[in-house]
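Asks: Mind looking over this structure? Questions follow.
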Amino acid sequence: MIDSMKALVKARPEPGLRMESRPIPEPGPEDVLIRIRKTGICGTDIHIWNWDEWARRTVPVGLITGHEFAGEIVAIGAQVKGLAIGQRCSGEGHLIGKDSRQSRAGKFHLDPGTRGIGVNVDGAFAEYLCLPAFNAVLLPDFVDDEIGAILDPLGNAVHTALSFDLLGEDVLITGAGPIGIMAAAVARHAGARHVVITDINPARLELAARVADVVPVDPRAENLRDVIARLGMVQGFDVGLEMSGSQAALDQMVEAMVMGGRIALLGIPPGKSPVDWSRIVFKAITIKGVYGREIFETWYKMIAMLENGLNIRAIITHRMAAEDFAQGFEIMRSGSSGKIVLDWG
Ligand code: NAD
Ligand code: ZN
């Protein structure tokens, strides 16, 4: 009986990750053990690799990283109901408590005690992952393992994009990273009229145009006012999805919104940044912060949309064996790739 597994670990308090041998975790009575098939590399993993200020403050040394995964249930705890060995699954990587006011109201994604797999507790960059059964999300046949492995970031995109009614609306997305691009595809699917996406990286704008039916704009080359005129929009954008974390992008977004526009913020600025609040007040703009995915409404909606024609496969630009993780992180750090999926066999 093999009792050890390969795992990608923040082995030392310094940049990089190491593939190490770890004991296969033992599922508790309410857990499932998942044999990992595919994982996605996330921007969060890059922060952990780089060992930046946030990572040093947040991530314990010795942690198994990774939170985007798909796999197969290979063991279940004694008290788990409704799941069976052999089922394919992905899962919510935010571990929540059930005692807070928010959780007791059914708003699990707002539990203030949330901990993240691959960030605060051992994660999915390994041959096996132990996860509370509550967090497992079964995958229907039409969601294969590589799409299953990127449901977590697709869920960020879906949660943000579905924050506001998009039917017939003009939508501006700032930041054509993997999440911004997937949000563009979702906005299209949800019936937006125009979907404009901005980025300052031409490779990312090209990728956006390959994945979704969008108008890519480099704001250094073209003013959003000109784009609004070119598309025949009267005032500006009805809905903004900020997905870059850039102060400049948020400023441009506020300027390009209609009176009474609605903005959802997913992008995380690196620190405090000056905001011209008077513009936001006088434009009567609604701003919503978005964290994670709604548990489990976002999962339900995204799987339903994937069944019903949402196609985001082209956002996966690289596929490689887990052993080649260093190359995957190198490509991801270059900032020009889409999603990179590691295969754990
Ligand atoms: P990413 O870093 O791959 O993409 C961000 C993109 O923004 C890049 O392509 C970059 O070139 C672009 N950008 C930078 N400055 C810009 C500007 N001035 N105008 C337009 N675009 C600009 O990130 P991602 O993985 O796609 O994630 C998107 C954002 O969401 C990140 O800020 C990430 O930290 C954040 N995030 C938040 C949550 C959450 O729960 N709130 C979860 C996941 C990711
Ligand atoms: Zn992620």
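Asks: If each of Lys81 and Ala326 carries a label point 7 Å out from its Cα toward its Cβ, how far apart are those two points in nm?
Replies: It works out to 5.0 nm between the two label points.
Asks: Between helix 202-211 and the chain, what is the angle of the helix's C-alpha long axis to the longest principal axis, kept within 0 to 90° and rounded to the nearest 10?
Replies: So the inclination is approximately 80 degrees.
Asks: I've got another one for you. Step through the residues of segment 143-152 one at a time and calculate ³J(HN,Hα) from phi using the Karplus curve (6.51 cos²θ - 1.76 cosθ + 1.60, θ = phi - 60°), rounding each to whole Hz and writing x for Gly and Pro.
Replies: Working through the residues one at a time gives 10, 7, 5, 6, 6, x, 6, 10, 5, 4 Hz.
Asks: Continuing with this model, one more query. How large is ³J(HN,Hα) for each residue in segment 213-229, as worked out from phi by the Karplus curve 6.51 cos²θ - 1.76 cosθ + 1.60 (θ = phi - 60°), to whole Hz, x for Gly and Pro?
Replies: 3J(HN,Hα) across segment 213-229, in whole Hz: 7, 10, 9, x, 9, 8, x, 7, 9, 9, 6, 4, 4, 5, 5, 4, 5.
Asks: In addition: Counting only residues 5 or more places away or on other chains, whose amide H sits under 5 Å from the amide H of Met19 once H atoms are built in the peptide plane?
Replies: Val9
Asks: Still on this model: Count the net charge of all other residues whose Cβ sits under 10 Å from the Cβ of Ile295, scoring Lys and Arg as +1 and Asp and Glu as -1.
Replies: Surrounding charge for Ile295 is -2.
Asks: So if I place +1 on the C-beta of Lys and Arg and -1 on the C-beta of Asp and Glu, and nothing else carries charge, what would the dipole magnitude of segment 267-345 be about its Cα centre? I want it in debye, nearest 20.
Replies: 460 debye
Asks: Also, quick follow-up: Could you look at the chain and say what percent of its accessible area is carbon and sulfur, using a 1.4 Å probe and all protein chains?
Replies: 53 percent
Asks: Among DSSP beta bridges whose residues both lie in segment 194-280, state the antiparallel percentage, nearest 5.
Replies: 0 percent
Asks: In addition: Could you tell me what percent of the DSSP beta bridges with both partners in the chain are antiparallel, to the nearest 5?
Replies: Expressed as a percentage, antiparallel bridges in the chain total about 55.
Asks: May I pose another question? In whole angstrom, how far apart do the alpha carbon centroids of segment 263-315 and segment 121-194 sit?
Replies: 11 Å
Asks: Which whole-Hz ³J(HN,Hα) couplings does segment 321-326 yield from phi under the Karplus relation 6.51 cos²θ - 1.76 cosθ + 1.60, θ = phi - 60°, glycine and proline marked x?
Replies: Per-residue couplings from phi come out as 5, 4, 4, 8, 4, 4 Hz.
Asks: Moving on to the next point. Probe of 1.4 angstrom, ligands and nucleic acids ignored: what's the accessible area per residue over segment 155-289, in square angstrom?
Replies: Result: 43 Å² of accessible area for each residue.
Asks: What is segment 1-58's relative contact order, in percent, from Cα pairs under 8 angstrom and six or more apart in sequence?
Replies: Relative contact order of segment 1-58: 33 percent.
Asks: Taking the Cα centre of the chain as origin, sum charge times position over the Cβ atoms of Lys and Arg (+1) and Asp and Glu (-1), and report the length of that vector in debye to the nearest 20.
Replies: Rounded to the nearest 20 debye, it is 520 debye.
Asks: So how strong a dipole does segment 196-251 carry about its Cα centre when Lys and Arg Cβ are +1 and Asp and Glu Cβ are -1, to the nearest 20 debye?
Replies: Once rounded to the nearest 20, the dipole reads 100 debye.
Asks: While we're on this one: Can you work out the FRET efficiency for the pair Val61 and Arg101, with r the C-beta to C-beta distance and R0 = 41 Å, to the nearest 0.05?
Replies: Efficiency, from the Cβ-Cβ distance: 0.75.
Asks: Can you quote the Å³ per residue value for the convex hull of the Cα atoms in the chain, rounded to an integer?
Replies: In the chain, the Cα hull volume divided by residue count equals 136 Å³.
Asks: Out of Leu266, Trp344, Met182, whose Cα points farthest toward the positive end of the dipole of the chain (charges: +1 Lys, Arg; -1 Asp, Glu; placed on Cβ)?
Replies: Leu266
Asks: Can you give the helix-only mean residue ellipticity at 222 nm for the chain, where every DSSP H stretch with n ≥ 4 adds -39500 (n - 2.57) and the sum goes over all residues, rounded to the nearest 500 deg cm²/dmol?
Replies: When only DSSP H runs of four or more count, the value is -8000 deg cm²/dmol.
Asks: I would also like to ask the following. For segment 155-289, calculate the relative contact order in percent as a whole number, restricting contacts to Cα pairs under 8 Å that are 6 or more residues apart.
Replies: 24 percent
Asks: Give, in nm to one decimal, the length gained when the segment between Asn50 and Arg333 is fully stretched (0.36 nm per residue of separation minus the Cα-Cα distance).
Replies: Gain on stretching Asn50 to Arg333: 101.0 nm.
Asks: Still on this model: Give, in whole angstrom and from largest to smallest, the semi-axes √(5λ) of the equivalent ellipsoid of segment 155-289, with λ running over the eigenvalues of the Cα gyration tensor.
Replies: 19, 16, 15
Asks: Cβ under 13 Å from Ile316's Cβ, Ile316 left aside: what net charge do those residues give with Lys, Arg +1 and Asp, Glu -1?
Replies: With Lys, Arg at +1 and Asp, Glu at -1, the net is 0.
Asks: Let me ask something additional. At a Förster radius of 51 Å, what calculated FRET efficiency corresponds to the Cβ-Cβ distance of Lys288 and Ser4, to the nearest 0.05?
Replies: The formula returns an efficiency of 0.70 here.
Asks: While we're on this one: Taking the Cα centre of the chain as the origin and placing charges on Cβ (Lys, Arg +1; Asp, Glu -1), which of Ile315, Leu250, Met332 is farthest toward the positive end of the dipole?
Replies: Leu250
Asks: Pairs on different chains or at least eight residues apart, Cα atoms closer than 23 Å: how many lysine pairs in the chain fit?
Replies: Taking the Cα cut-off of 23 Å, the pair count is 16.
Asks: Do you know the relative contact order of the chain, to the nearest whole percent, from alpha carbon pairs under 8 angstrom that are 6+ apart?
Replies: So the answer I get is 17 percent.
The values are calculated or read from the model by the stated rules, or taken from the named source; none is laboratory data. Just so you know, these numbers come straight off a predicted model, no measurement behind them. In this analysis, Cβ positions are derived from the backbone assuming ideal geometry, glycine residues included, and neighbour counts consider all displayed protein chains. Only protein heavy atoms, including side chains, enter the accessible area calculation; ligands, DNA and RNA are left aside. Shrake-Rupley method; radii C 1.70, N 1.55, O 1.52, S 1.80 Å.
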